[in-house]
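Engineer: Here's a structure for you.
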Amino acid sequence: MKALVLTEYNKFEYLDVETPTPKEDEVLLRIEACAVCGSDVHGMDGSSGRRQPPVIMGHEAAGQVAAVGAKVTDLQVGDRVTFDSTVYCNRCPSCKKGNVNLCTDRQVLGVSCDDYRRNGAFAEYMTVPSYICYKLPDSVSYVQAAMVEPMAIAYHAATRTPIEAGMSVVIVGVGTIGLLTLQIAKAMGANPIIAVDIDQAKLDTALGNGASHAINSNDPDALAKILEATPNKEGVDIAFDATGIDATVNLSVRSVKLNGAIVLIGNLAQNTNFPLQWVVTRQLSLFGTCASAGEYPECLRLIAEKKVDVEALISKVVPLEDGHEWITRVYNREDGLNKIVVCPTPTEAPTSTPTPENN
């Protein structure tokens, strides 16, 4: 099969590689579309330490079942599916409680680090455990389904503390996850929804995706403008920080009303200066959020019902063989590029038994 392989840092090559064979609890998927995650873009230069070459990256994808393992009963050849980016054990205490995102043996597809190696979906075919797959509604395309993984992260964040109709929300940082959180908050009835970013183009996109207000965080009066946009000028009910640096954490905390909540999604900085006294004296609730934990069906429903428009976030759909060019352009922060989706042109499923390569 063909795959886009990170052969050395900052270099992808479109190569012939062995087609994987599914284990007894796995399915072989013919990949139809794979979105490029920000972690792929940041990982290609080696700075994260989680994409050590050679590796086939990619974990936001959808495809068709091409073969099933001997013990797979819930899927069959021809099923259209998307899948979780996380392979969890189903045995540890977290998994047994439904917190699969906190699995003690968690592995992420398309990641090659010191602890494990799992090839991903920048390829014509890949194998995954059947239990992380979700069937697609007929009305959801493969390209739309490739956006479910980041959407599930946003949905998980949006439900860490319940959003009720009429609640006010601020989202600080409106990249892909921030914009998806915005759309989900709108679908849940939040109003007003305030978008905050340093990039005016992103703010314009946020307004087009349902934000009622857009505020540039470079504005020295940004906090005052956030408060001005809230009922009684008291602050928002919930703040989502989708960036994770000193400035955004502080802005998020100070934008929340008494007894409100802050959900921390982004973690660009490992440590931040935190306004502890402000949180304590205003009785604020602080929530961390990690990955997703089974929210895929709800996300697929929202897409199928056209309550969330994931295609509005996609800048370009390109052939997999052109992946190096387009991922590099995103890495270089080319204007106008947000989310890229790569699409393989799969060959026929193999009839031989090639050597497994990603298990």
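Engineer: Would you please report the Å³ per residue occupied by the convex hull of the alpha carbon atoms in the range 1-146?
Structural biologist: Hull volume normalised by residue count: 111 Å³.
Engineer: For the range 1-145, what relative contact order do you get, as a whole percent, if you take Cα pairs closer than 8 Å and at least 6 residues apart?
Structural biologist: 30
Engineer: If you don't mind, another one. Give the long-range amide H neighbours of residue 119: residues separated by 5 or more places, or on another chain, with amide H under 5 Å away, using H modelled in the peptide plane at 1.01 Å from N.
Structural biologist: Here 110 satisfy the definition.
Engineer: Could you tell me the extents of the chain's C-alpha atoms along the three principal axes, largest first, rounded to whole Å?
Structural biologist: In descending order, the Cα extents are 68, 41, 39 Å.
Engineer: Moving on. Show me, for the range 243-258, the HN-Hα J-couplings you get by feeding each phi into the Karplus relation (A = 6.51, B = -1.76, C = 1.60, θ = phi - 60°), rounded to Hz, glycine and proline as x.
Structural biologist: 3J(HN,Hα) across the range 243-258, in whole Hz: 10, x, 9, 3, 4, 6, 4, 5, 5, 4, 4, 7, 8, 8, 6, 3.
Engineer: Which cross-chain or sequence-distant (5 or more) residues have an amide H under 5 Å from the amide H of residue 128, H modelled 1.01 Å from N in plane?
Structural biologist: 27, 29
Engineer: May I ask you to compute the full-extension gain from residue 258 to residue 307, defined as 0.36 nm times their residue separation minus their alpha-carbon distance, rounded to one decimal in nm?
Structural biologist: 14.6 nm
Engineer: Continuing with the same structure: Calculate how many DSSP beta bridges within the chain are antiparallel, expressed in % of all such bridges and rounded to the nearest 5.
Structural biologist: 55
Engineer: Using a basic spin-label model with each label point 7 Å from the Cα along Cα→Cβ, how many nm lie between residue 245 and residue 115?
Structural biologist: With each label placed 7 Å out from Cα toward Cβ, I get 2.7 nm.
Engineer: Which ³J(HN,Hα) values, rounded to whole Hz and listed in residue order, are derived for the range 280-290 from phi using the Karplus coefficients 6.51, -1.76 and 1.60 in 6.51 cos²θ - 1.76 cosθ + 1.60 with θ = phi - 60°, glycine and proline given as x?
Structural biologist: Ordered by residue, 3J(HN,Hα) equals 5, 6, 9, 6, 8, 9, 10, 10, x, 9, 10 Hz.
Engineer: Still on this structure, please answer the following. Explain nothing, just compute: Karplus ³J(HN,Hα) = 6.51 cos²θ - 1.76 cosθ + 1.60, θ = phi - 60°, for every residue of the range 167-177 in order, whole Hz, x for Gly and Pro.
Structural biologist: 5, 8, 9, 10, 10, 9, x, 10, x, 4, 5
Engineer: Could you work out how far the C-alpha centroid of the range 157-208 sits from that of the range 1-78, in angstrom?
Structural biologist: Taking the Cα centre of the range 1-78 as reference, the centre of the range 157-208 is 31 Å away.
Engineer: I would also like to ask the following. If each of residue 74 and residue 269 carries a label point 7 Å out from its Cα toward its Cβ, how far apart are those two points in nm?
Structural biologist: Modelled inter-label distance: 4.1 nm.
Engineer: Also, I was wondering about something else. Tally Lys/Arg at +1 and Asp/Glu at -1 over every other residue whose Cβ is under 10 Å from the Cβ of residue 35; what's the total?
Structural biologist: -2
Engineer: Counting alpha carbon pairs within less than 8 Å and at least 6 residues apart, what relative contact order, in whole percent, applies to the range 55-131?
Structural biologist: 34
Engineer: In addition: Using only helices, what value at 222 nm comes out for the chain when you add -39,500 (n - 2.57) per DSSP H run of length 4 or more and divide by the total residues, to the nearest 500 deg cm²/dmol?
Structural biologist: -6500 deg cm²/dmol
Engineer: Per-residue counts of other Cβ atoms within 10 Å, averaged by peptide: what ranking do you get for 313-324, 160-171, highest first?
Structural biologist: 160-171, 313-324
Engineer: Place the peptides 189-196, 148-155 in order of packing, highest mean first, counting for every residue the other Cβ atoms within 10 Å and averaging per peptide.
Structural biologist: 148-155, 189-196
Engineer: Multiply the residue separation of residue 11 and residue 42 by 0.36 nm, subtract the distance between their alpha-carbon atoms, and state the gained length in nm to one decimal.
Structural biologist: Length gained, residue 11 through residue 42: 9.9 nm.
Engineer: State the volume of the convex hull built on the alpha-carbon positions of the range 85-178, expressed per residue in Å³ and rounded to an integer.
Structural biologist: Per-residue hull volume (Cα only) is 166 Å³.
Engineer: How much FRET efficiency would the formula 1/(1 + (r/R0)^6) give for residue 164 and residue 335, where r is the Cβ-Cβ distance and R0 is 41 Å, rounded to 0.05?
Structural biologist: Step by step, r from the Cβ atoms, then E = 0.60.
Engineer: Roughly how many nanometres apart are two label points built 7 Å out from the Cα toward the Cβ at residue 321 and residue 97?
Structural biologist: 5.0
Engineer: How much accessible area per residue does the range 91-140 have, counting only protein heavy atoms and a probe of 1.4 Å, in square angstrom?
Structural biologist: Dividing the accessible area of the range 91-140 by its residue count gives 46 Å².
Engineer: Right, something else. Compute the relative contact order of the chain as a whole-number percentage, counting only Cα pairs closer than 8 Å that sit 6 or more residues apart in sequence.
Structural biologist: Relative contact order here is 20 percent.
Engineer: On the Cα set of the range 270-314, report Rg and Dmax in Å, please.
Structural biologist: Spelled out, the Cα radius of gyration and Dmax of the range 270-314 are 17.4, 44 Å.
Engineer: A further question on this structure: According to the Kirkwood expression over distinct Cα-Cα pairs, how big is the hydrodynamic radius of the range 160-314, in Å?
Structural biologist: 15.5
Engineer: Next up: Say R0 is 22 Å: what FRET efficiency, to the nearest 0.05, do residue 191 and residue 228 get from their beta-carbon distance?
Structural biologist: Approximately 0.90, to the nearest 0.05.
Engineer: Moving on to the next point. Can you compute the FRET efficiency between residue 282 and residue 139 using 1/(1 + (r/R0)^6), with r the Cβ-Cβ distance and R0 = 41 Å? Round to the nearest 0.05.
Structural biologist: With a Förster radius of 41 Å, E is 0.40.
The values are calculated or read from the model by the stated rules, or taken from the named source; none is laboratory data. Not measured: the values here are computed from a predicted model. No Cβ is skipped: glycine too gets one built from the backbone with ideal geometry, and neighbour counts run over all protein chains shown. Remember, those area values only see protein heavy atoms, side chains included, never the ligands or the DNA or RNA. Shrake-Rupley method; radii C 1.70, N 1.55, O 1.52, S 1.80 Å.
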